[in-house]
Amino acid sequence: MPTLKMAIVCTVRNPAASFKTWINYHSKLVDKIYLYLDSSTPAILSGLPTSPVVSVCPGAWLSTFSGPSGVMQRQCVNVRHGLKQCSIDGIDWLIHIDSDELMYSPVQSLKDYFAHVDPNVSSIQFINHEAVSAYAADDPFRELKIFKKNRRFDRSTDTPLAEGSPYYQGYTFGKSAVRVQKCLGPVSVHEFETSNGKMVREHQVCVLHYLSATYKDWIKKCSELGSFQSFWYDDVKSPMHQSFLVQSRDIYLSAMQSGDWSLAREFYVNNLMSDTEKEKWLQSGELLFIDPFAMRSQ
(Lines give C-alpha, C1' and ligand atoms only; values in the text may rest on other atoms or scores of the structure.)
Protein backbone atom coordinates (compact mmCIF):
# COMPACT_ATOMS: atom_id res chain seq x y z
CA MET A 1 0.00 0.00 0.00
CA PRO A 2 1.51 3.39 -1.00
CA THR A 3 2.56 5.72 1.80
CA LEU A 4 0.27 8.69 2.35
CA LYS A 5 1.93 11.97 1.36
CA MET A 6 0.87 15.35 2.72
CA ALA A 7 1.85 18.94 2.00
CA ILE A 8 1.27 22.45 3.27
CA VAL A 9 1.01 25.51 1.03
CA CYS A 10 1.71 28.93 2.54
CA THR A 11 2.20 32.47 1.23
CA VAL A 12 4.90 34.38 3.13
CA ARG A 13 5.79 38.07 3.26
CA ASN A 14 8.80 39.35 5.23
CA PRO A 15 8.78 36.43 7.69
CA ALA A 16 9.74 37.14 11.29
CA ALA A 17 12.58 35.30 13.02
CA SER A 18 10.04 32.94 14.60
CA PHE A 19 9.10 31.66 11.14
CA LYS A 20 11.99 29.22 11.46
CA THR A 21 10.02 27.68 14.32
CA TRP A 22 7.00 27.43 11.98
CA ILE A 23 9.08 25.60 9.36
CA ASN A 24 10.80 23.26 11.81
CA TYR A 25 7.46 22.41 13.44
CA HIS A 26 5.63 21.59 10.21
CA SER A 27 8.61 19.81 8.64
CA LYS A 28 8.02 17.04 11.18
CA LEU A 29 4.34 16.74 10.25
CA VAL A 30 4.21 16.73 6.44
CA ASP A 31 6.25 15.58 3.46
CA LYS A 32 6.41 18.89 1.61
CA ILE A 33 6.02 22.59 2.38
CA TYR A 34 5.38 24.89 -0.58
CA LEU A 35 6.33 28.45 0.32
CA TYR A 36 5.26 31.25 -2.00
CA LEU A 37 6.99 34.56 -1.37
CA ASP A 38 4.68 37.57 -1.43
CA SER A 39 7.88 39.61 -1.61
CA SER A 40 11.39 38.31 -2.18
CA THR A 41 14.67 39.95 -1.34
CA PRO A 42 18.13 38.40 -0.85
CA ALA A 43 17.74 38.88 2.91
CA ILE A 44 14.42 37.01 2.98
CA LEU A 45 15.71 34.19 0.81
CA SER A 46 18.86 33.78 2.89
CA GLY A 47 16.77 33.60 6.06
CA LEU A 48 14.79 30.56 4.90
CA PRO A 49 16.22 27.18 5.93
CA THR A 50 17.49 24.76 3.31
CA SER A 51 15.55 21.52 3.54
CA PRO A 52 14.38 18.85 1.10
CA VAL A 53 10.91 19.29 2.63
CA VAL A 54 10.73 23.02 1.79
CA SER A 55 10.16 24.28 -1.75
CA VAL A 56 10.43 28.06 -2.20
CA CYS A 57 8.69 29.73 -5.15
CA PRO A 58 8.02 33.32 -6.18
CA GLY A 59 4.44 34.18 -5.31
CA ALA A 60 1.75 35.81 -7.44
CA TRP A 61 2.63 39.50 -7.68
CA LEU A 62 -0.52 40.88 -9.30
CA SER A 63 -3.69 41.58 -7.33
CA THR A 64 -6.83 43.47 -8.34
CA PHE A 65 -7.89 44.45 -4.83
CA SER A 66 -6.40 46.44 -1.96
CA GLY A 67 -5.30 45.36 1.50
CA PRO A 68 -6.29 41.94 2.87
CA SER A 69 -8.50 41.17 -0.14
CA GLY A 70 -5.50 41.53 -2.44
CA VAL A 71 -3.47 39.25 -0.17
CA MET A 72 -6.19 36.59 -0.30
CA GLN A 73 -6.43 36.90 -4.07
CA ARG A 74 -2.71 36.25 -4.43
CA GLN A 75 -2.90 33.38 -1.92
CA CYS A 76 -5.53 31.63 -4.03
CA VAL A 77 -3.33 31.96 -7.14
CA ASN A 78 -0.46 30.44 -5.16
CA VAL A 79 -2.64 27.57 -3.95
CA ARG A 80 -3.62 26.75 -7.54
CA HIS A 81 0.04 26.60 -8.46
CA GLY A 82 0.74 24.48 -5.38
CA LEU A 83 -1.95 22.00 -6.42
CA LYS A 84 -0.19 21.46 -9.75
CA GLN A 85 3.07 20.85 -7.90
CA CYS A 86 1.28 18.36 -5.62
CA SER A 87 0.32 16.30 -8.66
CA ILE A 88 3.95 16.24 -9.79
CA ASP A 89 5.22 15.31 -6.31
CA GLY A 90 2.58 12.63 -5.67
CA ILE A 91 0.94 14.48 -2.74
CA ASP A 92 -2.36 13.03 -1.51
CA TRP A 93 -3.55 15.84 0.78
CA LEU A 94 -2.82 19.58 0.66
CA ILE A 95 -3.38 21.89 3.65
CA HIS A 96 -3.55 25.66 3.20
CA ILE A 97 -2.51 27.76 6.20
CA ASP A 98 -0.74 31.08 6.81
CA SER A 99 2.68 31.90 8.21
CA ASP A 100 1.09 32.89 11.55
CA GLU A 101 -0.73 29.57 11.96
CA LEU A 102 0.19 26.11 13.23
CA MET A 103 -1.60 22.83 12.52
CA TYR A 104 -2.27 21.02 15.79
CA SER A 105 -3.26 17.40 16.34
CA PRO A 106 -3.65 16.69 20.08
CA VAL A 107 -4.19 12.92 20.19
CA GLN A 108 -2.40 11.44 17.19
CA SER A 109 0.08 12.41 14.53
CA LEU A 110 -1.26 14.41 11.61
CA LYS A 111 -0.38 11.56 9.26
CA ASP A 112 -2.27 9.03 11.39
CA TYR A 113 -5.27 11.33 11.34
CA PHE A 114 -5.30 11.65 7.54
CA ALA A 115 -4.61 7.93 7.09
CA HIS A 116 -7.94 7.17 8.75
CA VAL A 117 -10.06 9.73 6.88
CA ASP A 118 -13.10 8.16 5.20
CA PRO A 119 -12.34 7.57 1.48
CA ASN A 120 -15.59 9.41 0.65
CA VAL A 121 -14.27 12.61 2.26
CA SER A 122 -12.63 14.99 -0.22
CA SER A 123 -12.09 18.04 1.98
CA ILE A 124 -11.79 18.78 5.67
CA GLN A 125 -12.42 22.11 7.35
CA PHE A 126 -10.45 22.58 10.56
CA ILE A 127 -11.63 24.92 13.26
CA ASN A 128 -9.24 27.75 14.19
CA HIS A 129 -8.51 29.01 17.69
CA GLU A 130 -6.97 32.48 18.10
CA ALA A 131 -3.98 33.06 20.37
CA VAL A 132 -4.33 35.52 23.22
CA SER A 133 -1.76 38.19 22.34
CA ALA A 134 1.10 39.54 24.44
CA TYR A 135 2.86 42.89 24.14
CA ALA A 136 6.18 41.14 23.46
CA ALA A 137 7.49 37.62 22.91
CA ASP A 138 10.70 36.33 21.38
CA ASP A 139 8.90 33.37 19.78
CA PRO A 140 5.09 33.63 19.93
CA PHE A 141 4.66 30.07 18.63
CA ARG A 142 6.45 28.68 21.68
CA GLU A 143 5.52 31.28 24.29
CA LEU A 144 1.79 31.92 23.72
CA LYS A 145 -0.26 28.98 24.96
CA ILE A 146 -3.71 30.44 25.68
CA PHE A 147 -6.29 30.55 22.89
CA LYS A 148 -9.77 31.93 22.41
CA LYS A 149 -12.09 29.00 21.79
CA ASN A 150 -13.81 29.12 18.42
CA ARG A 151 -17.44 28.11 18.83
CA ARG A 152 -18.42 28.56 15.18
CA PHE A 153 -18.53 24.80 14.54
CA ASP A 154 -20.16 23.96 17.87
CA ARG A 155 -23.35 21.97 17.56
CA SER A 156 -24.96 24.44 19.98
CA THR A 157 -24.42 27.39 17.65
CA ASP A 158 -27.68 28.99 18.76
CA THR A 159 -26.36 29.34 22.30
CA PRO A 160 -24.91 32.84 22.75
CA LEU A 161 -21.49 33.33 24.26
CA ALA A 162 -21.34 34.55 27.83
CA GLU A 163 -21.54 38.32 28.13
CA GLY A 164 -18.13 39.89 27.67
CA SER A 165 -16.59 36.73 26.21
CA PRO A 166 -13.23 37.31 24.52
CA TYR A 167 -13.88 38.32 20.92
CA TYR A 168 -11.97 37.27 17.84
CA GLN A 169 -9.85 39.90 16.14
CA GLY A 170 -9.56 37.79 12.99
CA TYR A 171 -11.57 35.21 11.08
CA THR A 172 -13.58 32.31 12.53
CA PHE A 173 -14.16 30.27 9.35
CA GLY A 174 -11.35 27.78 9.89
CA LYS A 175 -8.88 26.50 7.29
CA SER A 176 -9.06 23.45 5.04
CA ALA A 177 -7.28 20.45 3.59
CA VAL A 178 -8.19 18.82 0.29
CA ARG A 179 -7.66 15.46 -1.37
CA VAL A 180 -5.52 16.55 -4.32
CA GLN A 181 -7.00 14.16 -6.88
CA LYS A 182 -10.50 15.48 -6.17
CA CYS A 183 -9.64 19.19 -6.01
CA LEU A 184 -10.94 21.69 -8.57
CA GLY A 185 -9.26 24.64 -6.85
CA PRO A 186 -9.70 26.97 -3.88
CA VAL A 187 -13.09 28.60 -3.31
CA SER A 188 -11.39 31.03 -0.94
CA VAL A 189 -8.45 30.95 1.47
CA HIS A 190 -10.72 28.95 3.78
CA GLU A 191 -12.23 26.26 1.50
CA PHE A 192 -11.69 24.11 -1.59
CA GLU A 193 -14.00 23.01 -4.38
CA THR A 194 -13.95 19.30 -5.19
CA SER A 195 -15.22 17.18 -8.06
CA ASN A 196 -17.02 14.76 -5.75
CA GLY A 197 -16.99 13.48 -2.20
CA LYS A 198 -18.06 15.25 0.93
CA MET A 199 -16.66 17.96 3.16
CA VAL A 200 -16.47 17.38 6.91
CA ARG A 201 -15.72 19.72 9.79
CA GLU A 202 -13.10 18.68 12.30
CA HIS A 203 -12.92 19.87 15.91
CA GLN A 204 -9.98 18.06 17.50
CA VAL A 205 -7.32 18.60 14.86
CA CYS A 206 -7.27 22.36 14.48
CA VAL A 207 -5.44 25.48 13.37
CA LEU A 208 -3.79 27.74 15.95
CA HIS A 209 -3.86 31.34 14.73
CA TYR A 210 -1.26 33.73 16.15
CA LEU A 211 -2.83 36.89 14.75
CA SER A 212 -0.88 40.07 15.62
CA ALA A 213 0.55 38.04 18.48
CA THR A 214 2.78 40.88 19.70
CA TYR A 215 2.93 44.65 19.26
CA LYS A 216 5.84 44.17 16.85
CA ASP A 217 3.82 41.65 14.80
CA TRP A 218 0.83 44.01 14.76
CA ILE A 219 2.94 46.89 13.42
CA LYS A 220 4.42 44.58 10.79
CA LYS A 221 0.99 43.43 9.64
CA CYS A 222 -0.34 46.99 9.49
CA SER A 223 2.66 48.12 7.45
CA GLU A 224 2.16 45.28 4.95
CA LEU A 225 -1.56 45.98 4.49
CA GLY A 226 -1.10 49.75 4.30
CA SER A 227 -4.09 51.84 3.21
CA PHE A 228 -7.05 49.80 1.99
CA GLN A 229 -10.78 50.22 1.51
CA SER A 230 -13.14 49.16 4.30
CA PHE A 231 -14.87 46.61 2.08
CA TRP A 232 -14.04 43.03 1.19
CA TYR A 233 -12.86 42.86 -2.41
CA ASP A 234 -13.42 46.63 -2.54
CA ASP A 235 -17.18 46.03 -2.86
CA VAL A 236 -19.29 48.57 -0.95
CA LYS A 237 -21.92 45.85 -0.48
CA SER A 238 -19.43 43.79 1.58
CA PRO A 239 -18.28 45.97 4.49
CA MET A 240 -15.53 44.72 6.79
CA HIS A 241 -17.15 43.92 10.11
CA GLN A 242 -13.86 43.18 11.85
CA SER A 243 -13.56 46.53 13.59
CA PHE A 244 -10.10 45.60 14.91
CA LEU A 245 -8.74 45.35 11.36
CA VAL A 246 -10.14 48.70 10.23
CA GLN A 247 -9.25 50.46 13.49
CA SER A 248 -5.72 49.08 13.27
CA ARG A 249 -5.37 50.49 9.76
CA ASP A 250 -6.54 53.96 10.81
CA ILE A 251 -4.40 54.13 13.94
CA TYR A 252 -1.29 52.88 12.13
CA LEU A 253 -1.69 55.33 9.23
CA SER A 254 -2.27 58.19 11.67
CA ALA A 255 0.91 57.30 13.57
CA MET A 256 2.87 57.09 10.33
CA GLN A 257 1.70 60.55 9.37
CA SER A 258 2.23 62.23 12.75
CA GLY A 259 5.28 60.30 13.94
CA ASP A 260 3.58 59.88 17.33
CA TRP A 261 3.23 56.18 18.18
CA SER A 262 1.84 56.59 21.69
CA LEU A 263 -1.79 56.12 20.59
CA ALA A 264 -0.83 53.06 18.55
CA ARG A 265 0.82 51.45 21.58
CA GLU A 266 -2.15 52.42 23.76
CA PHE A 267 -4.60 50.88 21.26
CA TYR A 268 -2.69 47.60 21.17
CA VAL A 269 -2.27 47.42 24.95
CA ASN A 270 -5.97 48.15 25.50
CA ASN A 271 -6.81 45.13 23.36
CA LEU A 272 -4.65 42.81 25.45
CA MET A 273 -6.26 40.53 28.01
CA SER A 274 -5.41 40.99 31.67
CA ASP A 275 -4.28 38.07 33.84
CA THR A 276 -7.57 38.27 35.74
CA GLU A 277 -9.56 38.04 32.51
CA LYS A 278 -7.45 35.10 31.32
CA GLU A 279 -8.08 33.19 34.54
CA LYS A 280 -11.80 33.96 34.40
CA TRP A 281 -12.24 32.76 30.83
CA LEU A 282 -10.00 29.73 31.31
CA GLN A 283 -12.24 28.64 34.18
CA SER A 284 -15.37 29.18 32.08
CA GLY A 285 -13.99 27.30 29.06
CA GLU A 286 -13.99 30.33 26.77
CA LEU A 287 -10.19 30.09 26.67
CA LEU A 288 -8.10 26.98 26.04
CA PHE A 289 -4.58 26.13 27.20
CA ILE A 290 -2.75 24.49 24.29
CA ASP A 291 0.94 23.68 23.98
CA PRO A 292 1.52 22.53 20.38
CA PHE A 293 5.14 21.69 21.22
CA ALA A 294 4.26 19.09 23.85
CA MET A 295 5.57 15.66 22.88
CA ARG A 296 2.12 14.25 22.18
CA SER A 297 1.58 16.69 19.30
CA GLN A 298 4.73 15.68 17.42
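Among LYS32, LYS84, LYS111, which is the only one that is surrounded by fewer than 16 Cβ atoms within 10 Å (Cβ to Cβ), in the same structural domain as GLN125 (by TED's automatic domain parsing), modelled with pLDDT of 90 or more and among the basic types (Lys, Arg)?
So the residue among LYS32, LYS84, LYS111 that is surrounded by fewer than 16 Cβ atoms within 10 Å (Cβ to Cβ), in the same structural domain as GLN125 (by TED's automatic domain parsing), modelled with pLDDT of 90 or more and among the basic types (Lys, Arg) is LYS84.
Being in a loop (DSSP other than H, G, I, E, B) and modelled with pLDDT of 95 or more is the filter here, so list the residues in segment 1-27 that pass it.
Within segment 1-27, LEU4, LYS5 qualify.
Filter segment 1-38 down to the residues that are touching a strand residue (DSSP E or B) at 6+ places or on another chain (Cβ under 9 Å), closer than 15 Å to VAL53 by Cβ and of a type in the set (D, E, K, R) and list them by number.
Listed by number, the residues that qualify are LYS5, ASP31, LYS32.
For segment 161-187, name all the residues that are under 16 Å from ILE127 (Cα atoms) and either out of contact with any strand residue (DSSP E or B) (no Cβ under 9 Å at 6 or more places or on another chain) or among the basic types (Lys, Arg) (or both).
LYS175
Of all residues in segment 257-298, count the ones that are farther than 30 Å from PRO106 by Cβ and among the aliphatic types (A, V, I, L, M).
Residues in segment 257-298 being farther than 30 Å from PRO106 by Cβ and among the aliphatic types (A, V, I, L, M): 3 in total.
With assigned to a helix (DSSP H, G or I), in contact (Cβ under 8 Å) with a residue 60 or more places away in the chain, among the charged types (D, E, K, R) and over 30 Å from TYR113 (Cα atoms) as the only criterion, which of ARG249, ARG265 stands out?
Selected residue: ARG249, the only one of ARG249, ARG265 that is assigned to a helix (DSSP H, G or I), in contact (Cβ under 8 Å) with a residue 60 or more places away in the chain, among the charged types (D, E, K, R) and over 30 Å from TYR113 (Cα atoms).
Exactly one of (1) surrounded by fewer than 16 Cβ atoms within 10 Å (Cβ to Cβ); (2) farther than 20 Å from HIS129 by Cα is unmet by ARG201. Its number?
With (1) surrounded by fewer than 16 Cβ atoms within 10 Å (Cβ to Cβ); (2) farther than 20 Å from HIS129 by Cα applied to ARG201, the lone miss is (2).
Can you pull out every residue in segment 206-228 that is in a loop (DSSP other than H, G, I, E, B) and crowded, with 17+ Cβ neighbours inside 10 Å?
Once the filter is applied, which keeps residues that are in a loop (DSSP other than H, G, I, E, B) and crowded, with 17+ Cβ neighbours inside 10 Å, segment 206-228 yields TYR210, LEU211, SER212, ALA213, THR214, PHE228.
Can you go through SER39, SER27, SER66 and tell me which one is in contact with a Lys or Arg (Cβ under 7 Å, 6 or more places away or on another chain), surrounded by fewer than 18 Cβ atoms within 10 Å (Cβ to Cβ) and under 28 Å from THR214 (Cα atoms)?
Result of the check over SER39, SER27, SER66: SER39.
Could you tell me which of the residues ILE23, ILE97, ILE88, ILE33 is of a type in the set (A, V, I, L, M) and touching a helix residue (DSSP H, G or I) at 6+ places or on another chain (Cβ under 8 Å)?
ILE33
Could you check, for segment 50-65, whether at least one of its residues is aliphatic (A, V, I, L, M) and within 17 Å of the chain's Cα centre (by Cα)?
No.
The values are calculated or read from the model by the stated rules, or taken from the named source; none is laboratory data. Source: prediction; values computed, not measured. We place every Cβ from the backbone using ideal geometry, glycine too, and count neighbours over all the protein chains shown.
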